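> Sending over a structure as structure tokens; questions will come in a sec.
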Amino acid sequence: MNNEILFYVFGIALAVSAVLVSIAGLRMKDSFPGKAFPVIVLWFAILVGGATTFAVMHSKDEKADHEVEYKKAGKEIEKETSSGPFEEAGASEEGEIQGEEPAGEEESGHTSKESEGSPSEGAVSGPGGTVELAAAEAELKFDTTELTSKPGKVTIDFNNPSAIPHNVEIEDESGKVLGGTETISSSEESATVELEAGTYTFFCSIPGHRESGMEGTLTVK
């Protein structure tokens, strides 16, 4: 027998015993429970203790089953992600970028030393800041949909307590992804992105997660 069945057995036995004792007490008001009192007390103590014990064990079994289901779901999502069209599209884009770089070098004929010696024109000035974000343990959502930071280097401290894999990516108003964290499960990860003043969107890029509500607004001002 598993813990669930034993819990119901003890619970039913406790209920039936309570009814029988009540009936006996009503019929034998003067002589009940008499010498049987210690036995009755011991019997109810056994039933209550057994029902409580197996209720706790059944609760632990259900929690373990849920964790197994979450891990299984996470593995299936990772499998779909690694074998789906997203990976092929990413590989294609990477190949195009790598293919463009040599062409640029051939046209210029040399690497520009001037660009190496001067600061980057795209550098963002500002104090930046750190924002904290967490995923829900058993749902496809973040703990908030609104984040705020100052311009500059913005660090995202992401906590994912769930066995389901999640990540955080930042995109601008045009839909361009500017950076984000690695995909993690049951752990924490940080990422830093340089952001100018403006409104951005943070989201989980695992297929189906953003559509389920894992996104929000990051305001940089």
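Conditions (1) within 25 Å of Val124 (Cβ to Cβ); (2) in contact with a Phe, Trp or Tyr (Cβ under 7 Å, 6 or more places away or on another chain); (3) of a type in the set (Val, Ile, Thr), marked per residue:
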residue: Leu140; (1), (2), (3): no, no, no
residue: Thr144; (1), (2), (3): yes, no, yes
residue: Thr148; (1), (2), (3): yes, no, yes
residue: Pro151; (1), (2), (3): yes, no, no
residue: Ala163; (1), (2), (3): no, yes, no
residue: Gly179; (1), (2), (3): yes, no, no
residue: Ser186; (1), (2), (3): no, no, no
residue: Phe203; (1), (2), (3): yes, no, no
residue: Lys221; (1), (2), (3): yes, no, no
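> Among the residues of the stretch 202-210, are any assigned to a strand (DSSP E or B), surrounded by 14 or more Cβ atoms within 10 Å (Cβ to Cβ) and over 21 Å from the mean Cα position of the chain (by Cα)? It would help to see each step written out before you state the result.
Step one: filter the stretch 202-210 for residues assigned to a strand (DSSP E or B), giving 202-203.
Subsequent filtering for residues that are surrounded by 14 or more Cβ atoms within 10 Å (Cβ to Cβ) retains 202-203.
Filter once more, so that each one left must be over 21 Å from the mean Cα position of the chain (by Cα): none.
No, the stretch 202-210 has no match at all.
> Let me ask something else about it. If the Cβ limit is 6 Å and pairs must be 6+ apart or interchain, which residue in the stretch 1-12 that is farther than 9 Å from Ala51 by Cβ pairs with which residue that is exposed (fewer than 12 other Cβ atoms within 10 Å of the Cβ) and among the hydrophobic types (A, V, I, L, M, F, W, C)?
none
Yes or no, residue by residue, for (1) hydrophobic (A, V, I, L, M, F, W, C); (2) touching a residue at least 12 places away in the same chain (Cβ under 8 Å); (3) assigned by TED's automatic domain parsing to the domain that holds Ala135; (4) farther than 26 Å from Glu4 by Cβ:
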{"site": "Pro38", "(1), (2), (3), (4)": "no, no, no, yes"}
{"site": "Val41", "(1), (2), (3), (4)": "yes, no, no, yes"}
{"site": "Ala45", "(1), (2), (3), (4)": "yes, no, no, no"}
{"site": "Val48", "(1), (2), (3), (4)": "yes, yes, no, no"}
{"site": "Ala51", "(1), (2), (3), (4)": "yes, yes, no, no"}
{"site": "Ala55", "(1), (2), (3), (4)": "yes, yes, no, no"}
{"site": "Ala64", "(1), (2), (3), (4)": "yes, no, no, no"}
{"site": "Val68", "(1), (2), (3), (4)": "yes, no, no, no"}
{"site": "Lys71", "(1), (2), (3), (4)": "no, yes, no, no"}
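The values are calculated or read from the model by the stated rules, or taken from the named source; none is laboratory data. Nothing here was measured: the structure is a model prediction, and the numbers come from that model. For neighbour counting, all protein chains shown are included, and Cβ atoms are generated from backbone atoms with ideal geometry for every residue, glycine included.
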